[in-house]
Amino acid sequence: MAYSRWGTSYWHTYWVSSNPNHFGRENRHTATLVINTTIEFSAKRLREDLTGCLDEIADKELQGADKIRFSKNRSKLMEELETYIFRFLKDVDTDYPKWSKNKHNKKRNLK
């Protein structure tokens, strides 16, 4: 699912449906957001270190082909990106709630 596209935004962000780096089924930790087709973060990493992820993205963008445009609008663009990240995390939480029932009908924590 796309959260933003280049036609209307600096960012192209989307939830990748299957990531070859994660074996087995996707879950609330391994769900992956792709940013500008070159940067990927798992939902777990975004939850645990959003500031670090944003710094990593900014560093990469400052070295990219569109670095002048990015540097002139950095604050606004990073704020915009955060909204897409939060939408992604909300969707992940909706699709993969923390608590679910296993086959024995017992609740377990999927932190």
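One table, with the values for the structure above:
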| read-out | value |
| --- | --- |
| Order of Phe70, Phe86 under a 10 Å beta carbon neighbour criterion, fewest first | Phe86, Phe70 |
| Residue order, fewest to most surrounding Cβ atoms within 10 angstrom, among Thr13, Thr51 | Thr51, Thr13 |
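Throughout, read-outs are computed from the coordinates displayed, never taken from laboratory work. Remember, predicted model here, so these are calculated numbers, not experimental data. Every residue, glycine as well, gets a Cβ built from its backbone with ideal geometry; the counts of neighbours run over all protein chains shown.
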